[in-house]
Every structure is written in C-alpha cells, then in structure tokens.
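Read the structure below first, then the notes.
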Amino acid sequence: MIIVDYIYNEYILFYYQKKVSATKEKRLKMKLNDHLFFYPENGILDCNTYVIKDQKAMIVDVGLDKYLPLKVNAMEKDGINPHKIDIIANTHLHMDHAWSNEDFKNKYGSKIEIAPVQKQFYDVSVRQTSQFFGMDPVDFQEDGLLPTPINLGTIEIEVIPTPGHSPDSVCFYCGQIKALLCGDLIFEQNTGRPDLPGGDWEQLKQSVEDVSKLDIDLILPGHMNIISGKKNVKKNFDFLMNNIF
C-alpha cells in the first residue's frame, strides 16, 4: 500500500494509464538524434532514463535497480557501451531517479556527479523524502560535483537549478540540440507535486516560467511522454500557466 500510494501521489498523473502500449510504442525508437537517447520507465518506482553521447557520455536518472538490466540491454542495442559512460547524473535525488546510481557505478565504472544544490539538500531529497513514504533511503556516494556547463565534446550542457518539486531539482539544457531534460518539473499537461519535503509551489511556478524562456524543441521529462516540436512545447507551457498555475 505504501508503494502504491507513493506512485499515485508522486506523479499526480495516472501513472499506468495506457502504460503497456505506450511503452511498447516508445521502445520502437530509442535514438532521438545523434547525441540523445531515450529509455522509458518500466514500472513502479522507475523513471525515464536518458543518455547524452558525444566524445564523452552522460546518463541521466538511471532509475530503479530492478529495471537496470533492461535499460542496459536497450542501450547496447543502440550501440552504447555502458562501460564508456563517463558520468552518472540526476535531475533530482528522489529514490525513483537515483536508486541505481551505485549499481551502475559499480558495474560500469562511471562516476556519480551531482549538482552543488543536490549536495546541499541530499538529506532532504534522499532521506527525508524516503521516510515520508515509510521507505528506507537508498544512499549513494558521489565522486564529484557537476560543473556548468558540462562539456561532453561538441555538446555543452547547462545545469539549471529549478526548485519546486524538490529543493535539489535541476534541469539539463542542451542548447545545440534544443533539448531540456527536466526531471519532475514538467510533464505533459502537468507538473511534479510540490508538497514533498522541501517542495514549494511558488518556486515550482517560477522554475517553469524560467525554463519556458529557453529555446526548446524537446522536453524530456522524468515520467511519461516526451514533448517534441517547438509548437507542442509552447502549447504545453501555455497549458501549464493557464490551467495549473
């Protein structure tokens, strides 16, 4: 019951609505472009996972350990060698996003790097939020702090603090490919909930307003569908500002 309540409350959205068919459709195409790969969530306490690949490679939000082998298998089918992923990063440190950090690091030799704000609020997002749902926290040890921008070669990634859903939330913005990896800040016609430990409604609204000013063709959220195309991105921002806030 605790896990079921977590899933319903964490995402606000109907998590399993058309889940199986939607996931099968997404899996037909993992590669979004030459630098960006998408691996959709597989079930309870998992999240969407992304790989940004250039001269160096970074994986964002590895998700639940139970589903890690499935995602690694999909990566390998896309020609991604997990041993050559340099950085493990997270949009925020809630358990459904960061559970497999240590597992991936230990198996493939990647380094866990977190944003300074994530180090500052580690206890809130990892421990207090898990305890909020009556679950044991899944701790990990970072290897360093993320710079901004993150330089992967020809691709540079801006790390943007976007508190609201959690105090440690960040977005990863790739200007060259106009992509925003936004975690649980923005969903299709919804946002992440702001009532977990450290969350704040006004900060959430401000964070959404801030990223809406970026030049975005792809919104890559932590759960459910990606939003593709400048027109659809603008439509989604307009919906949030007119109906959610």
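So the values come out like this:
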| item | result |
| --- | --- |
| Label-point separation, Asp143 to Leu214 (7 Å along Cα→Cβ), nm | 2.5 |
| Order of Asp65, Asp96, Asp143 under a 10 Å beta carbon neighbour criterion, fewest first | Asp143, Asp65, Asp96 |
| Potential extension, Glu76-Lys31 segment - 0.36 nm per residue separation minus Cα distance | 15.0 nm |
| Test item: Cα-centred dipole of the stretch 2-244, Lys/Arg +1 and Asp/Glu -1 on Cβ, debye | 1000 |
| The chain - mean residue ellipticity at 222 nm from DSSP helices (-39,500 (n - 2.57) per run, n ≥ 4, rounded to 500) | -8000 deg cm²/dmol |
| DSSP bridge pairs, the chain: antiparallel proportion in percent, nearest 5 | 70 |
| Most to least packed among 67-77, 36-46 [average Cβ atoms within 10 Å] | 36-46, 67-77 |
| Simple label model, 7 Å out from Cα along Cβ direction - Glu202 to Ser228, nm | 4.0 |
| Top of Glu188, Glu113, Glu209 by mean-square fluctuation, Gaussian network on the chain, Cα under 10 Å | Glu209 |
| Cubic angstrom per residue, convex hull over Cα atoms of the chain | 112 |
| Residue among Asn151, Asn190, Met30 farthest towards the positive dipole end of the stretch 2-244, charges placed on Cβ | Met30 |
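Each reported figure results from applying straightforward, stated rules to the coordinates on display, with no laboratory input. Everything numeric in this text was worked out from a predicted model, so none of it was measured. Neighbour counts run over all protein chains shown; Cβ positions are idealised from the backbone, glycine included.
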